[in-house]
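Structure first, commentary second.
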Amino acid sequence: GNKEIKSQQKMNNVIFLLDVSNSMNAQDIEPSRLTQAKNIIINTLPKLNGDRVGIVVFAGEAFSIMPLTTDYNAAENYLAGLETSVMPTQGTDFLKAIEVVVDKFKKIPKGARKVVMISDGEDNEDNDERAIDLAKKEGINITAIGVGGEVGAPIPDYYYGQLMGYKTDVMGETVMSSLKTKALKNISNSTKGQYI
């Protein structure tokens, strides 16, 4: 009935959109960008006051690892074991990420759709404009949090948890990955969110 609808509108539904591309293993932030991103989510949960939260991870593709729930302990458990190796397709595609978010928000009223995107900001597929258009059309409000240093750091290459070395380019030079704020600021400003 109407009462139920009213209470749903008060409640936000927050999807944490977490970048798990390989560059998130970079250690320009102790102990790594990914660990810091997880800690940001875990520290944000208690402030959400009963909002429902979901978690979507993305790199070259995206998938939901936790449905919308008020069980914050479950969220911590899902995050604890999360590594970049969960993602078979590497890269960073903001559009695929938002498409999965839209699917998760199907039954949620437009005013209650919030996304907290945590990324080091490089959209390798250059889909940020299309991601913004889709988010705006769907009434999704995105706060973007940039993790990583401006100077950059090498990207560790792990194989079954063992450090094998660092990512190199075709010339054999070590790839340096740094925080790219342009796409993140663009996404958050365009969807009435904020960039942190």
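Taking amide H atoms as placed 1.01 Å from N in the peptide plane, the amide H of Ile145 lies under 5 Å from those of Met117, Ile118, Ser119, Ile196, each 5 or more residues away in sequence or on another chain.
Entry comment: accessible area of region 32-166 is 47 Å² per residue, from protein heavy atoms only and a probe of 1.4 Å. For the chain, the carbon plus sulfur part of the accessible surface works out to 50%, probe radius 1.4 Å. Using the Cα coordinates of region 132-179, the gyration tensor eigenvalues translate into equivalent-ellipsoid semi-axes of 32, 14, 12 Å, sorted from longest to shortest.
Label-to-label distance, Tyr166 versus Gln194, with points set 7 angstrom from Cα along the beta-carbon direction: 3.5 nm. The H on the amide N of Tyr158, modeled in the peptide plane, is under 5 Å from the matching H of Met164, each at least 5 residues off or on a different chain. When you filter the chymotrypsin sites (Phe, Trp or Tyr not before Pro) in region 114-196 for DSSP loop state and at most 12 other Cβ atoms inside 10 Å of their Cβ, you are left with Tyr160. For the pair Ile42 and Tyr159, the difference between a 0.36 nm per residue extended length and the Cα-Cα distance amounts to 39.5 nm.
Between the exposed loop cleavage positions of the chain, defined as GluC sites (Glu not before Pro) in a non-H, G, I, E, B DSSP state with at most 11 neighbouring beta-carbon atoms within 10 angstrom, the longest gap is 1-149.
Within a Cβ distance under 14 Å of Gly149, other residues only, what is the Lys/Arg minus Asp/Glu net charge?
Details: positive: Arg33, Lys180; negative: Asp28, Glu30, Asp120, Glu122, Glu150.
Net of charged neighbours comes to -3.
The values are calculated or read from the model by the stated rules, or taken from the named source; none is laboratory data. Computed from a prediction, not measured in an experiment: that's the story for all the values here. Backbone-built Cβ (ideal geometry, glycine too); neighbour counts: all protein chains shown. In case anyone asks, the SASA skips ligands and DNA or RNA and just uses the protein heavy atoms, side chains included. Shrake-Rupley method; radii C 1.70, N 1.55, O 1.52, S 1.80 Å.
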